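The values are calculated or read from the model by the stated rules, or taken from the named source; none is laboratory data. Predicted, not measured: the structure shown is a model, and the values here were computed from it. Virtual Cβ from ideal backbone geometry, glycine too; neighbours counted across all protein chains shown. Each accessible area value is taken on the protein alone, full model and side chains, heavy atoms only, with ligands, DNA and RNA left out. Shrake-Rupley method; radii C 1.70, N 1.55, O 1.52, S 1.80 Å.
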Amino acid sequence: MTRPRSTRPRLVLGIETSCDETAVAIVRDGRHIEASVVASQVARHERFGGVVPEVAGRAHLELLPKVLDEALEVAGLGASGPSPCDRRAPREIDAVAVTYGPGLVASLLVGVSFAKSLSLGWSRPLIGVNHLEGHLYASLLEDPEIELPAVVLLVSGGHTLLIGMSAPGVYQVLGRTLDDAAGEAFDKVARFLGLGYPGGPEVDRVAGSGDPERVHFPRALHGRGLELSFSGLKTAVVNEVRRHPELRTEDVAASFQAAVVEVLTDKALAAAAQFRARSICLAGGVAANSRLRASLCEAAAAVGLRLYLPSRSMCTDNAAMIAAAGTFRLEAEGPSPLHLGAEPGLGFPERSGPT
Ligand code: KG4
Ligand code: ZN
């Protein structure tokens, strides 16, 4: 008997391999996480001080089948057969969603090819998901009743965006960085300070015992529109440390973090005022930063805005957010073609919304 396929998928398998996390998740109705497995590759890239694309691609290839098996098992869907393509489709899974960009091409290609083989072998629709839109779904997954319109501050390793969201899928980019992303600045400063990789969490940890007022670093474009810039700040840190080698690393890290957070907080509030938003959502890896979370909490409360802070594990790359975004996209636009390709330079999907 053929299972009737509605346009509203109930159970979606998500795959995320855009950078250095190999992740598979299973999400019900776009909001209930049945399984979310993330295999970190930190140990493989650590000695190089950053992500090596070739190493990441190979690691995804090796890890994906294992991560899929684990996700199926956690969700109680079992796994049978020696390889994913031989395996019978778990009857309950309705669609396969995968990140197709932006990201590292070698990493994306592995995830997209794997998802296509599952989609073909299991006869389930394929849904290509924009990684950036995926990050937005971290908030929507944990709190589906978000007060709209909302402003999303999306701060990741490759992007820093202020997005006006009037409904899920209806977005407008209000501001973006003119140069480095906030996460990139964290990673570069961490590397310069000898704090290693991944840099953001290390700066966050070390800054905890530093004085954020020890050095007053520049706040670029502060109070001037919704564009952002972080490359000058990174250079200022390098110059200051070279001029004053006696400075404690903890104080430099704390002062740098304070500069980033002050700008991000003020710009998010300015964007909310301009967009007449009722709430602010934080998204992307840098959303895990302790000072940014605390600062936005305080600032949003002061002006009566609701704030949605995804749990830390949902801020960094995971496949649950991809499955959730995929559920929405399949419902709104139908499946992606099987010739879907990896798009490393894919931009944020600014749309006027599903019709
Ligand atoms: O969203 P994400 O996991 O991957 C991308 O899509 O880029 O973001 C990764 C970025 C990295 O730059 C990492 O250093 C940063 O998020 N990050 C943090 C923290 N945790 C991760 N930055 C500051 N503080 C943190 N606690
Ligand atoms: Zn990401």
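Observations
- The one condition from (1) modelled with pLDDT of 95 or more; (2) away from ligand 2 (no atom under 16 Å from the Cβ); (3) acidic (Asp, Glu); (4) in contact with a strand residue (DSSP E or B) (Cβ under 8 Å, 6 or more places away or on another chain) that Glu350 does not meet is (1).
- Scanning segment 150-185 for residues being part of a strand (DSSP E or B), within 14 Å of ligand 1 (Cβ to nearest atom) and closer than 18 Å to Arg293 by Cα gives a total of 6.
- Between Glu343, Glu331, the distinction of being acidic (Asp, Glu), open to solvent by 30 Å² or more (accessible area, probe 1.4 Å), touching a residue at least 40 places away in the same chain (Cβ under 8 Å) and part of a loop (DSSP other than H, G, I, E, B) belongs to Glu343 only.
- Considering residues of segment 222-254 that are over 17 Å from Arg191 (Cβ atoms) and part of a helix (DSSP H, G or I) only, the residue most open to solvent (accessible area, probe 1.4 Å): Arg243
- Flag if Gly101 is open to solvent by less than 30 Å² (accessible area, probe 1.4 Å), within 16 Å of ligand 2 (Cβ to nearest atom) and either modelled with pLDDT under 95 or on the phi > 0 side of the Ramachandran plot (or both): yes
- Looking across segment 255-297 at every residue that is outside any helix (DSSP H, G or I) and away from ligand 1 (no atom under 15 Å from the Cβ), the one that is most open to solvent (accessible area, probe 1.4 Å) is identified as Arg276.
- Sole exception among (1) under 21 Å from Leu296 (Cα atoms); (2) within 16 Å of ligand 2 (Cβ to nearest atom); (3) open to solvent by 30 Å² or more (accessible area, probe 1.4 Å); (4) out of contact with any Ser or Thr (no Cβ under 9 Å at 6 or more places or on another chain) for Arg176, by number: (4)
- Close Cβ contacts (under 7 Å, 6 or more residues apart or on different chains) running from residues in segment 197-213 that are over 19 Å from Thr316 (Cβ atoms) to residues that are open to solvent by 20 Å² or more (accessible area, probe 1.4 Å) comprise Ser209/Glu250; Gly210/Arg248; Gly210/Glu250.
- Close contacts from segment 290-309, counting a first residue that is within 17 Å of Ser139 (Cβ to Cβ) and a second that is away from ligand 1 (no atom under 16 Å from the Cβ) and acidic (Asp, Glu), with Cβ to Cβ under 7 Å and a gap of 6+ residues or different chains, come to Arg306/Glu147; Tyr308/Asp143.
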